[in-house]
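Enquirer: Could you have a look at this structure, given as structure tokens, before my questions?
The values are calculated or read from the model by the stated rules, or taken from the named source; none is laboratory data. Note that the coordinates shown come from a computational prediction; the quantities given were computed from them, not determined experimentally. Here Cβ is always computed from backbone atoms with ideal geometry, including for glycine, and neighbour counts include all displayed protein chains.
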Amino acid sequence: MGSTRESLAWNPGRETVHADEKTGEPEVFLEPLLWGLFSLGGFITAFLFPITVFLLFVAPVFGWWPTDPAAYATFAAHWQEPLVRLFFFALIGGSLFHGTHRLKFMLVDAGLRGPGIEAALDIILNAIAIVGTLGALYYAVRGWLFV
Amino acid sequence: MRELGGVVSALYGLIFLNLLRTLRAGESAYTAFVDTMRTPPVLYVNLVLFALLVWHAVTWFMLIGKAQPIQFTERPLPWKSVFGVNVLLWIGVSAAVVYLVFGGI
Amino acid sequence: MPKAYSPNSVPRFVERTAHDIVIVGGGAAGLRAAIAAAETDPDLSIAVVSKVYPMRSHTVSAEGGTAAVLRDYDSLELHALDTIKGSDFLADQDAVEFFVARCPKEIIQLEHWGCPWSRDPDGRVSQRAFGGMSVKRTVFAADKVGFHILHTLFQTSMKFENIHRFDEYFVTSLIVDGGACAGVTALDLRGGRMVGIGGKATILATGGCGRVYEFTTNGFIKTGDGMALAYRAGVPLKDMEMVQFHPTCLPGTGILITEAARGEGGYLINKDGERYMQRYLPSKMELGPRDILSRSMIQEMKAGRAFDGPYGQYLGLDLRHLGAATIDQKLPMVRELAEKYMGLDPIHEPIPVRPGQHYVMGGVSTNSTGETTLPGLYAVGETACVSINGANRLGSNSLSECLVFGEWCGLAAAQYAKQKAAYPRGTASREALRKEEARVFDGLMGRERGKETLAGVRVEMQQLMDRDVGIFREEAGLADACGKLAKLRDRFGSVGMADKDRVFNTEMTGVLELDFMLDVAASIAHSARNRRESRGAHSRTDFPNRDDANYLKHTLAYRADGAPRIDYVPVKITKWQPVERKY
Amino acid sequence: MAERDVVFRVKRYRPTSGSKPTYQEYRIPYRDDMVVLDGLNYIKDHVDPTLTYRWSCRMGICGSCGANVNGQPKLTCGTYIRDVHKGAVTIDPLANFPILKDLVVDFDDFLEKLASVTPYIVREEPGDLTKEFVQYPEDVEAYRQQSLCINCMLCYAACPVFGTSPEFVGPAASALALRYIRDTRDEGADQRLARLNTKAGVWECTFVGECSVVCPKNVDPAAAIQTLKVLATMRHMRRLLMPKAESR
């Protein structure tokens, strides 16, 4: 500014905005990861879930499917293939991260706002997702890599 | 409504987790769990959740059409054609799941 | 609920501030000057004062393009010749030579700032044909060139710490101190207070004054504020009688259909579907200069070969043969406007058009670097009359003028401000502030609502300008206009005000704008009456021929009691001797 | 054209009066080819000069005449009275913004957000001013849609997320950020994605999609924000896996 400016606090109410003002907002670390998992989970649930639920719980009840994929023998047999294990692991992990991320925004929209509550929600919901995914990993790997 | 579909998918995630747990636990636990899932009133809940799940899939395909219009083509594709492509893809993937995961018809 | 209304949401303001350069107007010219000054010296503090947010300035609705010599099939000589010939030899030829040499750099500078110019397949900026231009030299961005230039400049201006924007401040007067301009007094619309913005140098870039006419392509904000500000500070207005009428405007709304539609090959057809321009200008037809096209449209109407519609006679702009691809790719806004405001698709139907006021070649008299006779006061863009446009501007020269002279004027003002040691004395601005506060808040706002209304006086002025100072003029009509404008100035004295609220009082700004427009309209009418010849856009039925002997001169209108004092100053001729203007 | 009457129910707010905003009704004549802005101008000129609103170009390109018409954010210069004439035409100031007076709202907040996304070309070295950058038509096409934003604020008025949390960066500012990120001449993507990768940045958007519905220039800010989310996520992964790599 020119040195002999007459009045410096010229327009406190509406200081013109300049581009490289640091907005002071820190970059977030978790959110991009969670959103990545959320959209990956979204694709998984959209593409893979309906057919799976249909085969296991809906079709056999109404006789819309010749065999019963959920019968213990057939299911246990298929369960031996690593691909099936990987499939269910992806299903469970993807859906948990997708659902919990969406649930958080629904609860926030419903009014659970404020830094404290949102942080708590983050912890609880992500904990569920992580634990669930680890559980799925445990079952998927058990009996294949170790007894 | 659309948001509900996402939460339902998490619910099914837990159901399948339990399925694996009962599978691990042995035939009786597994069959008991599957039977409870298939008999009313749990069955009706199941059907409602299944409908929500399908609706979630449909809305997700619509969103893809709206979210990535210019990604691969020079001019943005109308979202309806992207939606159509996704549904075809969906049917293809479902068929693949039937054969690869559940061993065919 | 979001932070909604609350009485104390109106921010607190400070009365006076001072900057090195005060720029009035945030359009292409004002922003380009601000960036040029800010770039040369980061210590300079520049204030951009605008009565609307800068991205609302009327530059936004420019559609056609920006002329510049870029390719080897073109030459500066040719661009200068086209411009001077188009101006019917009233342009100052030294200014034109100065102008054409700098246009190319501005195109590339804008391109470097991100302006999305339309491109040829080889990746270079593409150019198209335009009225009066002998070769393709109009750079464009689809048909939203003004919009893209303005937003590029506005967003680029946010990069500079030393550009301070005063958004929605209405400048009411210039502060003159010791024979030099020392800033402006402005009504802060949101604070409802009169603020003094002092400055070592002041640049007027407020655009034209189209709203003195009723049927115009200009936006509501083009009320000639800058011209009136300079006029009242004793600076003459040059060539004000030179008002350009654009041939293709939508009847009723007056919305512009860009010349690019004809540049891309559109035809003008009359009631019988005939391309009537072959009878008026066989060589150029639809791509002739605007004054010739507008006059031929009026002649077609008088001859009864025009269509009839709810808003009077009109002719057809036929784009059907261009095909959907060209229209969507090169003229998307033309199609958008035709569909939205006329309810028809130009791919299948001709667009109704008729001539309407579009641009004012005249303006604040300046030399080729934008300086006026008042030290410290500069003017640039449509507000100014450097006079590269003379009696008729060629399409797409206006945006180039704003950029070239915007940059040049910004640099000149920065130089001037750096040499001037002290800031303007506080006493002058305090005294001017008090005078303006009394005039505006007590004087104008204090008036009770009489029989005269703001709209009544305004519409009468606009209609008489359309009728008597339009495309064809003659002595009786002009004399009548001068008389009526004087009476309107008196009746303006009893225009009362209903809105006594100081905050964001748009009735107040309407009254102030009408005050400015009455001055500018008077200067146009008197200048036109005194130029007894026909030249470029100024066409007198009683003096149909061009009279170089007596009128190869610029008109200067000085403010005086009653009627403006008219004077003349010779045109600077360098290389091109005036010849009969044939196409 | 048939001349009929219409009732304009306009929300009024006088800042110095201190009273809450209230509706005022005006009965005015209208023709089929009149837009809502023509109605407001008729009222201002002939009925009530104190009515305050912004407008300029009357051709849908300057972006100053936005208002909520029958609850929908619209440009009053592009909305025909015949299309919204259900008994009365209700006009409120744009939603989600503080009201200055009648239909005039304060959106300096948007200008702050626009400035914060570095809305200009960022380059290491400025490039030589004797020749233009080569940019092919398809390069221009990549950012053309986002470059059409006229800053009219209808998308902010329609966004429920902006309604509940005003610090959200919002649709238009994000679309303009994508406009510069996708411009082949720009090298400031990392800087912009860093700003958008914040709590009130793109992550607050739950893809409701209302902003794209009301946009008069179909800039499609909703799609822009999803694309920015993908870009921000990929940038985040790159920085995690290859901390030193400089992302374009």
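Enquirer: Given the residues D:Arg179, D:Arg144, which is the only one that is more than 14 Å from chain A (Cβ to nearest Cβ), out of contact with any His (no Cβ under 7 Å at 6 or more places or on another chain) and surrounded by fewer than 24 Cβ atoms within 10 Å (Cβ to Cβ)? Write out each step before concluding.
Expert: Details: D:Arg179 fails: surrounded by fewer than 24 Cβ atoms within 10 Å (Cβ to Cβ).
None of the other options fit; the residue is D:Arg144.
This table checks each residue for (1) small (Gly, Ala, Ser); (2) surrounded by 23 or more Cβ atoms within 10 Å (Cβ to Cβ).
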{"position": "C:Ala522", "(1), (2)": "yes, yes"}
{"position": "C:Gly536", "(1), (2)": "yes, yes"}
{"position": "C:Arg540", "(1), (2)": "no, no"}
{"position": "C:Asn545", "(1), (2)": "no, no"}
{"position": "C:Ala549", "(1), (2)": "yes, no"}
{"position": "C:Leu552", "(1), (2)": "no, no"}
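Enquirer: Out of the residues in segment D:53-75 that are away from chain C (no Cβ under 11 Å) and either among the basic types (Lys, Arg) or crowded, with 24+ Cβ neighbours inside 10 Å (or both), which is nearest to D:Tyr156 (Cα to Cα)?
Expert: D:Pro73
Enquirer: Being in contact with a Leu (Cβ under 7 Å, 6 or more places away or on another chain) and in a strand (DSSP E or B) is the requirement here; does D:Val10 meet it? Don't jump to the end; show me each part of the working.
Expert: Values: in contact with a Leu (Cβ under 7 Å, 6 or more places away or on another chain): yes; in a strand (DSSP E or B): yes.
Criteria met by D:Val10.
Enquirer: Run down C:His79, C:His112 and say which single residue is in contact with a Cys (Cβ under 9 Å, 6 or more places away or on another chain) and not aromatic (Phe, Trp, Tyr).
Expert: After applying the criteria, what remains is C:His79.
Enquirer: Any residue that is at the interface with chain D (Cβ under 10 Å from one of its Cβ atoms) and within 16 Å of D:Lys44 (Cα to Cα) - is there at least one of those in segment C:512-527?
Expert: Residues of segment C:512-527 at the interface with chain D (Cβ under 10 Å from one of its Cβ atoms): none.
So far as segment C:512-527 goes, no, none of its residues is at the interface with chain D (Cβ under 10 Å from one of its Cβ atoms) and within 16 Å of D:Lys44 (Cα to Cα).
Each row is one residue, and each column tells you yes or no for (1) surrounded by fewer than 20 Cβ atoms within 10 Å (Cβ to Cβ); (2) at pLDDT 90 or above; (3) of a type in the set (D, E, K, R); (4) over 17 Å from A:Ile44 (Cβ atoms).
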| site | (1), (2), (3), (4) |
| --- | --- |
| B:Leu20 | no, no, no, no |
| B:Val58 | yes, yes, no, no |
| B:Gln68 | yes, no, no, yes |
| B:Pro78 | yes, no, no, yes |
| B:Val98 | yes, no, no, no |
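Enquirer: Next up: Answer yes or no as to whether D:Leu100 is of a type in the set (A, V, I, L, M, F, W, C), buried (at least 22 other Cβ atoms within 10 Å of the Cβ) and within 8 Å of chain C (Cβ to nearest Cβ).
Expert: Against the criterion (of a type in the set (A, V, I, L, M, F, W, C), buried (at least 22 other Cβ atoms within 10 Å of the Cβ) and within 8 Å of chain C (Cβ to nearest Cβ)), D:Leu100 qualifies.
Enquirer: Checking D:Glu132 against (1) touching a residue at least 60 places away in the same chain (Cβ under 8 Å); (2) assigned to a loop (DSSP other than H, G, I, E, B): exactly one of these is not met. Which one?
Expert: (1)
Yes/no matrix, rows are residues, columns are (1) surrounded by fewer than 17 Cβ atoms within 10 Å (Cβ to Cβ); (2) on the phi > 0 side of the Ramachandran plot; (3) modelled with pLDDT of 95 or more:
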position	(1), (2), (3)
D:Asp5	yes, no, no
D:Ser17	yes, no, no
D:Pro21	yes, no, no
D:Glu25	yes, no, yes
D:Arg31	yes, no, no
D:Met34	no, no, no
D:Leu40	no, no, yes
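Enquirer: For the structure I just gave you, tell me whether C:Thr185 is within 13 Å of chain D (Cβ to nearest Cβ), of a type outside the set (Lys, Arg) and touching a residue at least 60 places away in the same chain (Cβ under 8 Å).
Expert: no
Enquirer: So, D:Thr184, is that one among the polar types (S, T, N, Q) and outside any helix (DSSP H, G or I) or not?
Expert: Criteria met by D:Thr184.
Enquirer: Also, I was wondering about something else. Restricting the search to segment C:32-60, which residues are at the interface with another protein chain (Cβ under 9 Å from one of its Cβ atoms), out of contact with any Leu (no Cβ under 7 Å at 6 or more places or on another chain) and in a helix (DSSP H, G or I)?
Expert: Matches in segment C:32-60: C:Arg56, C:His58.
Enquirer: Moving on to the next point. Contact list please: Cβ distance under 7 Å, first residue in segment B:34-45 and more than 19 Å from A:Ala76 (Cβ to Cβ), second residue surrounded by 11 or more Cβ atoms within 10 Å (Cβ to Cβ) and of a type outside the set (Ser, Thr, Tyr), pairs at least six apart or on different chains.
Expert: B:Leu43/A:Val61
Enquirer: Restricting to segment C:482-514, give me the number of residues that are in contact with a strand residue (DSSP E or B) (Cβ under 9 Å, 6 or more places away or on another chain) and within 23 Å of C:Thr217 (Cα to Cα).
Expert: 6
Enquirer: In addition: Among the residues of segment C:408-426, is there at least one that is buried (at least 16 other Cβ atoms within 10 Å of the Cβ) and closer than 20 Å to C:Ser87 by Cβ?
Expert: yes
Enquirer: Also, I was wondering about something else. Among the residues of segment C:439-451, are any over 25 Å from the mean Cα position of the chain (by Cα), modelled with pLDDT of 90 or more and in a loop (DSSP other than H, G, I, E, B)?
Expert: Looking for residues that are over 25 Å from the mean Cα position of the chain (by Cα), modelled with pLDDT of 90 or more and in a loop (DSSP other than H, G, I, E, B), one finds none in segment C:439-451, hence no.
Enquirer: Any residue in segment A:98-111 that's more than 7 Å from chain B (Cβ to nearest Cβ) and outside any helix (DSSP H, G or I): show its pairings with residues that are crowded, with 23+ Cβ neighbours inside 10 Å and among the hydrophobic types (A, V, I, L, M, F, W, C) at Cβ separation under 7 Å, as long as the two are six or more apart or on different chains.
Expert: As it stands, the answer is none, since no pair meets every condition given.
Enquirer: Looking at (1) out of contact with any Asp or Glu (no Cβ under 7 Å at 6 or more places or on another chain); (2) farther than 23 Å from A:Phe43 by Cα, find the lone condition where A:Val131 falls short.
Expert: (2)
Enquirer: Here's a follow-up. So, A:Ala136, is that one small (Gly, Ala, Ser) and either without any contact (Cβ under 8 Å) to a residue 24 or more places away in the chain or more than 17 Å from A:Ala90 (Cβ to Cβ) (or both) or not?
Expert: No: the conditions fail for A:Ala136.
Enquirer: Any idea which of C:Glu63, C:Glu97 is in contact (Cβ under 8 Å) with a residue 40 or more places away in the chain and closer than 22 Å to D:Arg179 by Cα?
Expert: Every option except C:Glu63 fails the conditions.
Enquirer: Let me spell it out: the conditions are (1) more than 9 Å from every other protein chain (Cβ to nearest Cβ); (2) touching a residue at least 12 places away in the same chain (Cβ under 8 Å); (3) part of a loop (DSSP other than H, G, I, E, B), and D:Ala172 meets all of them except one. Which number is the exception?
Expert: The single condition D:Ala172 does not satisfy is (3).
Enquirer: Still on this structure, I have one more. Picking from D:Ala157, D:Ala222, D:Ala189, which residue would you name as being closer than 30 Å to A:Gly111 by Cβ, away from chain B (no Cβ under 14 Å) and touching a residue at least 24 places away in the same chain (Cβ under 8 Å)? So that I can check it myself, show each step before the final result.
Expert: Working: D:Ala222 fails: away from chain B (no Cβ under 14 Å); D:Ala189 fails: closer than 30 Å to A:Gly111 by Cβ.
Only one candidate passes the filter, namely D:Ala157.
Enquirer: For segment D:108-125, name all the residues that are within 7 Å of chain C (Cβ to nearest Cβ) and in a loop (DSSP other than H, G, I, E, B).
Expert: D:Pro119, D:Tyr120, D:Ile121
Enquirer: Scan (1) away from chain B (no Cβ under 11 Å); (2) of a type outside the set (Asp, Glu); (3) out of contact with any Lys or Arg (no Cβ under 6 Å at 6 or more places or on another chain) for the single condition D:Val213 breaks and write down its number.
Expert: The single condition D:Val213 does not satisfy is (1).
Enquirer: From the list C:Arg393, C:Arg320, C:Arg305, exactly one residue is surrounded by 21 or more Cβ atoms within 10 Å (Cβ to Cβ) and at negative phi. Which is it?
Expert: Exactly one residue qualifies, and that residue is C:Arg393.
Enquirer: So which residues in segment C:109-140 are crowded, with 22+ Cβ neighbours inside 10 Å and β-branched (Val, Ile, Thr), if there are any at all?
Expert: C:Val125, C:Thr138, C:Val139
Enquirer: Part of a helix (DSSP H, G or I) and within 8 Å of another protein chain (Cβ to nearest Cβ): which single residue out of A:Leu134, A:Leu121, A:Leu48 fits that description?
Expert: On the way: A:Leu134 fails: within 8 Å of another protein chain (Cβ to nearest Cβ); A:Leu121 fails: within 8 Å of another protein chain (Cβ to nearest Cβ).
Criteria check complete, one pass: A:Leu48.
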